[in-house]
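Each remark here refers to the structure printed beneath this line.
No lab work stands behind these numbers, since they all come straight from the coordinates. As the structure is a prediction and not an experimental result, all values here were calculated from the model. Please note: Cβ atoms are built from the backbone with ideal geometry, for glycine as well, and neighbour counts cover all protein chains shown.
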Amino acid sequence: MDPEIKKSKIGALVTEISTLTAGLATANNALVKQARAHKISPDQLQQAQQLAAK
């Protein structure tokens, strides 16, 4: 594969991974905010985070 094409594809993948990571962080922050607002237990929060990560 041409090195420039390979470099471009890698850059696109890195960008996509960054976008997905940011989205996951945003979702996790929203989950924590809702957990605090509804005063769920730490165990319930941990379980919700584990389910969200799947």
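What to note about this one:
- Scope the stretch 30-39; condition over 14 Å from the mean Cα position of the chain (by Cα) and part of a helix (DSSP H, G or I); matching residues: Lys33, Gln34, Ala35, Arg36, Ala37
- The test for being in a helix (DSSP H, G or I), under 17 Å from the mean Cα position of the chain (by Cα) and on the phi < 0 side of the Ramachandran plot does not hold for Gln44.
- Single match in Ala22, Ala27 (criterion: surrounded by 10 or more Cβ atoms within 10 Å (Cβ to Cβ), in contact (Cβ under 8 Å) with a residue 24 or more places away in the chain and within 11 Å of the chain's Cα centre (by Cα)): Ala27
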